[in-house]
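Undergrad: Mind having a look at this structure? Questions to follow.
No value in this document is a laboratory result; all are computed from the given coordinates. Bear in mind that the values here come from a model prediction, so they are computed numbers and not experimental data. Glycine gets a Cβ as well: all are built from the backbone with ideal geometry, and neighbour counts include every protein chain shown.
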Number of protein chains: 2
Amino acid sequence: MRDAFTDELESINQSLIEMTNLVASAMARATTALLDADLQLAENVISGDETVDLLRNEIEERAFDVMARQAPVATDLRMMVTTLRIVADLERMGDLALHVAKVARRRYPGRAVPPELRGTLLEMGQVAQRIVAKAGSVIASRDTELAKQLEADDDAMDGLHRTLFHVLIEKPWPHGMEATIDITLCGRYYERYADHAVSVARRVIYLVTGEITTS
Amino acid sequence: MRDAFTDELESINQSLIEMTNLVASAMARATTALLDADLQLAENVISGDETVDLLRNEIEERAFDVMARQAPVATDLRMMVTTLRIVADLERMGDLALHVAKVARRRYPGRAVPPELRGTLLEMGQVAQRIVAKAGSVIASRDTELAKQLEADDDAMDGLHRTLFHVLIEKPWPHGMEATIDITLCGRYYERYADHAVSVARRVIYLVTGEITTS
């Protein structure tokens, strides 16, 4: 019984990594769609979110199935429940990539991001890629040291988020209200995306050490 | 054993209702703080969020404890896992009230909401109250008909959210960038708050009927 349980956990873990790769790719493509006003890529992210949702449902069903058959207790039980939470974080990250893609689609053929903010949003996209890649590695390796590094990336994201607002506020803004709204929302989407990646890493730490980290 | 399990579920359900009342009150106070630039009330919501978080942890621990001791299967297992998800939604609703309160605090002694949007934000606050009250009743009563009503309230919230953007965009805006950013973010906070309330109701429907509703 014990080995079957371990195998199933391992298989579910593989699916979590696959899901992490999907939401990483979604945000990478959404960022390009946003910065380059690439409608096809935006549509591609929007329609692709269904795959993420389906994978979430599948992982959940498998987790339920394992719990119902094996009635895990203590650590194993927490592991299953934590898995369900990680899946919820990842699904939300997919939604946030979808929201970025929708901003790109809404402004097409225009560009949602004015030139003076292109660099900041490009960097936010890069930090998002770095943080989601690390979240995937943490799921795969259960490396608690790596998990802590995500906090630094999240700080970098928060710094970029503040930069965004400074640029909006510091000088007269020639780009109109729609651009302000788009930038404000996109800033929030990237920031939340990073928050959920940190949350994934914290949940893995919790699995390994039993400690809840918040900061 | 069976009766003890039912009692524990009932007790956890009572705590969910208590938590719903807390996040309802938090958003009611945050809305007043936002509209009236009431710093003390804003601070009160911000410091009060800790109580919501503690209650979340307490409910989670109790749910784990029940699962570990009773090893529920099938419906009971789903009920416990669904409870954990409802708790996560409610905690997030508390966070969103906190975010609204932080906008009020950031602009104090100014007002974050210009006169022409006061009515719309007041209404968003009212819809938030209506929807969270119904979510609480749904948890208490498991009334699937009532649960469906939340979808209509959520549509009303989405409509108000669109109105907000129309007002921002349609005429020249004399209130500056900060007000635009504040309104954009607050609009999103209310909209997400309603989404989570709908999610709570959907999860209760799922418990009662076994059906996942999305729309």
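Undergrad: Count the net charge of all other residues whose Cβ sits under 12 Å from the Cβ of A:Thr180, scoring Lys and Arg as +1 and Asp and Glu as -1. Don't skip to the end; give the middle numbers.
TA: Values: positive: none; negative: A:Glu178, A:Asp182, B:Glu178, B:Asp182.
Computed value for this residue: -4.
Undergrad: Can you compute 3J(HN,Hα) from phi for each residue in the range B:71-85, using the Karplus curve 6.51 cos²θ - 1.76 cosθ + 1.60 with θ = phi - 60°, rounded to whole Hz and x for Gly and Pro?
TA: 6, x, 10, 6, 4, 5, 5, 4, 5, 5, 5, 5, 4, 4, 6
Undergrad: Which three semi-axes in whole Å describe the equivalent ellipsoid of the range A:106-215, each the square root of 5 times a Cα gyration tensor eigenvalue, listed largest first? Don't jump to the answer; show the numbers that get you there.
TA: Numbers: eigenvalues 213, 32, 21 Å².
Whole-Å semi-axes of the equivalent ellipsoid: 33, 13, 10.
Undergrad: Further, regarding this structure: Short version: what are the Cα gyration tensor semi-axes of chain B, square root of 5 times each eigenvalue, largest first, in whole Å? Before the final figure, lay out the partial values.
TA: Values: eigenvalues 253, 70, 26 Å².
Semi-axes (√(5λ), whole Å): 36, 19, 11.
Undergrad: Using Cβ contacts closer than 10 Å as the measure, can you line up B:Ile139, B:Ile205, B:Ile169 from fewest to most? Present the calculation step by step, with values, prior to reporting the outcome.
TA: Numbers: B:Ile139 24, B:Ile205 21, B:Ile169 14.
Least crowded to most crowded, the residues run B:Ile169, B:Ile205, B:Ile139.
Undergrad: Tell me, how many Å apart are the Cα centres for the range A:20-89 and for the range A:90-139?
TA: The distance from the Cα centre of the range A:20-89 to that of the range A:90-139 comes to 17 Å.
Undergrad: Here is a follow-up. Step through the residues of the range B:29-44 one at a time and calculate ³J(HN,Hα) from phi using the Karplus curve (6.51 cos²θ - 1.76 cosθ + 1.60, θ = phi - 60°), rounding each to whole Hz and writing x for Gly and Pro.
TA: Ordered by residue, 3J(HN,Hα) equals 5, 4, 5, 4, 4, 5, 6, 9, 6, 9, 5, 5, 5, 4, 4, 4 Hz.
Undergrad: In whole Hz and in residue order, list the ³J(HN,Hα) couplings for the range B:174-182 that follow from phi through the Karplus curve 6.51 cos²θ - 1.76 cosθ + 1.60, θ = phi - 60°; x for Gly and Pro.
TA: Whole-Hz 3J(HN,Hα) from phi for the range B:174-182: x, 9, x, 5, 4, 5, 4, 4, 4.
Undergrad: Per-residue ellipticity at 222 nm for chain A, helices alone: DSSP H runs ≥ 4 residues times -39500 (n - 2.57), over residue total, nearest 500 deg cm²/dmol? If you can, show how the numbers build up before the last one.
TA: Numbers: 6 runs with 189 residues, N = 215.
Estimated from H runs of four or more residues: -32000 deg cm²/dmol.
Undergrad: Right, next: Students often forget the sequence filter, so: which lysines lie under 28 Å Cα-Cα from B:Lys171 once same-chain residues fewer than 8 apart are removed?
TA: Straight-distance partners of B:Lys171: A:Lys102, A:Lys171, B:Lys102.
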